[in-house]
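Data first, discussion second: the structure below is written as structure tokens.
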Amino acid sequence: MAKFNKEQFDAILQKVSNGSSVRNAIKDTHIGSDTFYKWLNDSEELAKQYARATEERGIAIYEQTMEIADDKSGDINRDRLRVDTRKWFLSKLNPKKYSDKLQVDTSEFKEQPLFPDVQEDNSDQ
């Protein structure tokens with residue numbers, strides 16, 4: 001296991017912030033993903049920095065998606081695939097922010113009568 005190296009860690013985070021996966025971000029370093037994740041597990045501060053980098057990655061991917069969608073020179077089907085792939089990834093990365101799924105809060109649900117204008121007549125009993 002490699003000793004912590006701040007320059008390598010910062011370089012990895014910079015690549016992640018710009019939209020890269022950790023796997024691609026560590027390719028140029030001489031550390032493995034197991035070492036990188038051990039650094040995160042051993043330090044709450046490093047884990048916070050990584051969490052922030054992944055939030056920034058979501059923004060970078062969103063911006064890439066918009067650039068692809070606005071590009072008029074490319075292959076339409078290929079561009080659609082690139083956008084759809086990024087949309088899918090964002091929905092998995094941060095479902096609360098990027099998912100198409102509508103979440104309904106029923107915690108304050110109050111039962112309402114089916115026919116509110118009709119009142120029961122109990123006078124015959």
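The numbers here are math on the coordinates, done by the rules we state, and not lab data. Quick caveat, the model's predicted, so the values are computed rather than measured. Every residue, glycine among them, receives a Cβ derived from its backbone with ideal geometry; neighbour counts consider all protein chains shown.
Here's the list of lysines a cross-link from LYS96 could span, going by alpha-carbon distance under 17 Å and ignoring same-chain residues fewer than 8 apart: LYS87. In the neighborhood of ASP34, defined by Cβ-to-Cβ distances under 13 Å, what is the net charge if each Lys or Arg adds +1 and each Asp or Glu adds -1? For residues surrounding ASP34, the net value is +1.
Given R₀ = 41 Å, FRET efficiency for LYS38-ASP75 by Cβ-Cβ distance, to 0.05? With R0 = 41 Å, the Cβ-Cβ based efficiency is 0.45. Loop-located trypsin sites (Lys or Arg not before Pro) in the range 1-64 (DSSP state other than H, G, I, E, B) with a sparse environment of at most 15 neighbouring Cβ atoms within 10 Å: LYS3, LYS27. Using a cutoff of 8 angstrom between alpha carbon atoms and counting only pairs six or more residues apart, the relative contact order for the range 6-95 works out to 28 percent. Extension gain for LYS48-GLN14 works out to 10.8 nm (0.36 nm per residue, less the C-alpha to C-alpha distance). Among TYR50, TYR37, TYR98, a tally of other beta-carbon atoms within 10 Å of each Cβ gives an order, fewest to most, of TYR37, TYR98, TYR50. Full extension of the chain segment joining GLN64 with ALA2 gains 19.0 nm, where the gain is 0.36 nm per residue of separation less the Cα-Cα distance. Hey, which lysines would be in cross-link range of LYS38, C-alpha to C-alpha under 25 Å, not counting anything within fewer than 8 residues on its own chain? Within the straight-line limit of under 25 Å, LYS38 reaches these lysines: LYS3, LYS6, LYS15, LYS27, LYS48, LYS92.
In this simple spin-label model, placing a label point 7 Å from the Cα along the Cα-to-Cβ direction at both VAL83 and LYS27 gives a separation of 2.7 nm.
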